[in-house]
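First up is the structure itself, then whatever we jot down about it.
Values quoted throughout were computed directly from the atomic coordinates according to the rules given, and no laboratory measurement underlies them. What you are looking at is a predicted structure, and each value in this text was computed from that prediction instead of being measured. As a convention, Cβ positions derive from the backbone with ideal geometry for all residues, glycine included, and neighbour counts pool all protein chains shown.
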Amino acid sequence: MDQETFQHSIRKLLKNVGVTTQQEIEKAVAEGLEAGHLTGDERLPARVTVEVDGLSLALTFDGDITLE
């Protein structure tokens with residue numbers, strides 16, 4: 001196993017996940033505000049799960065997204 005290639009592929013995956021997830025959350029919040037489903041002062045509970053097939057690995061992270 002090439003450690004550098006391995007670590008680079010993990011960082012690349014996590015960067016893609018982070019950037020795409022942030023963009024989608026921002027889009028959904030903007031749509032929720034525009035539609036009146038959100039007022040702009042919410043605290044939105046969020047959960048992220050990472051699974052790696054072939055490793056039987058599933059990690060779950062809980063947190064909040066605050067709008068104000």
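Couple of notes before you dig in:
- Here the alpha carbons of region 3-66 define both size measures, Rg and Dmax, at 15.5, 49 Å.
- Net length gained if the chain between GLU68 and GLU42 were fully extended (0.36 nm per residue, minus Cα distance): 8.7 nm
- Cα long-axis angle, helix 3-35 against the chain (0 to 90 degrees, to the nearest 10): 10 degrees
- Using a Förster distance of 25 Å, the FRET efficiency for SER9-THR60 (Cβ separation, nearest 0.05): 0.70
- Amide H contacts under 5 Å for LEU44, placed H, 5+ residues apart: ILE65, THR66, LEU67
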